[in-house]
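Enquirer: Please find one structure pasted underneath; my questions will follow.
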Amino acid sequence: MDSTLAIRARGITKCFGDIVALDDADLDVAQGHVHGMVGPNGAGKTTLLGLLLGLTVADSGRLEVFGAPVGRAFEVPGGVAGFVDGPGLYPSLTARQNLAALAALRGDDTRSAGIDDALEQVGLTDVADDRTRGYSLGMRQRLGLAAALLGKPRLLVLDEPFNGLDPAGKKHIHGVLTRLAREGTSVVLSSHRMDDLEALCSEVTILATGRIVFSGPLGKLATENRALDYRLLTSDPERARGLAADAPGIHLADDTTGRQGGEVLVVRAPVAALDDLVVRLVHEGVSLRELAPVVSPLEAAFLALTEHQKNDTRQQKTDAQQQETGR
Ligand code: ATP
């Protein structure tokens, strides 16, 4: 048993009838990190988060949270809180009453359950006595997080927690989650927003059709030797273009950024070749004013890995069909 792990999953498979939602998934999530789950619709993210919250049980495999096996009963493992498919609220109650009801259900003393503190953390103090029926999606998401924070969980499990949050709300919740992780809480969240994941997560898991195709530090995706498209803005675009065309490992790519006039140069290159090009430009007296990937390393890796997985699945289907007809 590794005591630094919040989650350890081995060979987790979960089917709904013929649908394989999770297929032999192995996963390690370190404690005290914000860990992002990303994947196309139907990849299995919510199913995995649901297993962690005890909302469903795996058909096979072993799942541990803080070293303790997650049982085969439908119950929230100790120290875990969160929501999938949006937080469940009583619309006719106020936010404060919702949290009090939740605390009472858990058998906690509502006066000492930390309701005011949770409401304050998520920025709902001013509307705490309004009925949640009138809450916007973003406000409901905030209240869902407040509900999860009530029991001071060691592991927070949040399915799409930024849905409906305006930019200020998102920044606020990013701050809350970052602080919680710094204080030792482990956070696992799913999102379709790469910018949220990149801003928040130190580690990510990429799922595609029930399989984990990558799990590890975000930085590892960026440094893997995969060519990405980069946008370069220099003091001498013509000269930069000429130098890039001659540089090893660099390919001139189409400018998809919409900044026309030859001012912006788009190159496709692995990181090492890009580093060499930058040195060369500077050496030749061409100043670099801007350098950025056209899509982020996470998005590029996500698209490449999931495309790869789709091709594998297609190939497996073709092989199976050929075997079938050859019989
Ligand atoms: P999204 O990004 O759309 O939320 P997801 O990655 O969270 O997708 P899941 O909700 O985990 O994906 O679904 C994985 C697969 O399992 C899908 O094919 C889905 O249709 C199926 N599935 C999930 N829950 C059930 C259920 N209760 N009954 C039947 N099928 C289900």
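The values are calculated or read from the model by the stated rules, or taken from the named source; none is laboratory data. Just so you know, these numbers come straight off a predicted model, no measurement behind them. Positions of Cβ are generated from backbone atoms using ideal geometry, with glycine treated the same way; all protein chains shown enter the neighbour counts. Quick note on the areas: whole protein, heavy atoms, side chains included, nothing else; ligands and nucleic acids left out. Shrake-Rupley method; radii C 1.70, N 1.55, O 1.52, S 1.80 Å.
Enquirer: For the chain, what is the number of Lys pairs with C-alpha distance below 23 angstrom, counting only pairs 8 or more positions apart or on separate chains?
Expert: Pairs that pass both the separation and distance tests number 9.
Enquirer: How much accessible area per residue does the chain have, in Å², with a 1.4 Å probe?
Expert: Each residue of the chain exposes 50 Å² on average to a 1.4 Å probe.
Enquirer: Based on Cα positions only, what radius of gyration and what Dmax would you give for region 33-105, in angstroms?
Expert: Values for region 33-105 (Cα only, Rg and Dmax): 14.6, 41 Å.
Enquirer: Same structure again: Quote the FRET efficiency, to the nearest 0.05, computed for Ser112 versus Ser202 with a Förster distance R0 of 45 Å and r equal to the Cβ-Cβ distance.
Expert: With R0 = 45 Å, the Cβ-Cβ based efficiency is 0.85.
Enquirer: Using the Cα centre as the reference, give the magnitude of the dipole from point charges on the C-beta atoms of region 148-187 (Lys, Arg: +1; Asp, Glu: -1; all else neutral), rounded to the nearest 20 debye.
Expert: Dipole magnitude for region 148-187 comes out near 220 debye.
Enquirer: Using mean Cβ contacts within 10 Å as the protection proxy, how do 75-83, 292-300 order, highest first?
Expert: The packing order, highest mean first, is 75-83, 292-300.
Enquirer: Which far-off residues, 5 or more places away or on another chain, put their amide H under 5 Å from the one on Val295, with H placed in the peptide plane?
Expert: Placed amide hydrogens put Asp229 under 5 Å from Val295.
Enquirer: How far is it, in nm, from the label point at Thr125 to the one at Lys171 when both lie 7 Å from their Cα along the line to the Cβ?
Expert: With each label point 7 Å from Cα toward Cβ, the separation is 1.9 nm.
Enquirer: Could you check which residue among Glu64, Glu263, Glu203 shows the biggest mean-square fluctuation in a GNM of the chain with a 10 Å Cα cutoff?
Expert: Evaluated over the chain, the most mobile residue of the options is Glu263.
Enquirer: Would you mind giving the average projected area, over all directions, of the Cα convex hull of the chain in nm² with one decimal?
Expert: Seen from a random direction, the Cα hull of the chain projects 22.6 nm² on average.
Enquirer: For a label point 7 angstrom out from the Cα of Lys152 toward its Cβ, which stretches of region 113-140 have the backbone nitrogen within less than 11 Å?
Expert: Correct set: 113-114.
Enquirer: For n ≥ 4 DSSP H runs only, could you compute -39500 (n - 2.57) per run for the chain, divide by its residues and tell me the 222 nm figure to the nearest 500?
Expert: One gets -11500 deg cm²/dmol as the mean residue ellipticity at 222 nm.
Enquirer: Got a sec to turn the phi values of region 169-184 into Karplus ³J(HN,Hα) couplings, 6.51 cos²θ - 1.76 cosθ + 1.60 with θ = phi - 60°, whole Hz, x for Gly and Pro?
Expert: x, 5, 4, 4, 5, 4, x, 4, 5, 4, 5, 4, 5, 4, 7, x
Enquirer: Which value, in debye to the nearest 20, describes the size of the charge dipole of the chain about its Cα centre when Lys and Arg Cβ atoms bear +1, Asp and Glu Cβ atoms bear -1, and nothing else is charged?
Expert: 580 debye
Enquirer: Ignoring ligands, DNA and RNA, please state the percent of accessible area on the chain from carbon and sulfur, probe 1.4 Å.
Expert: For the chain, the apolar C and S fraction of the accessible surface comes to 50 percent.
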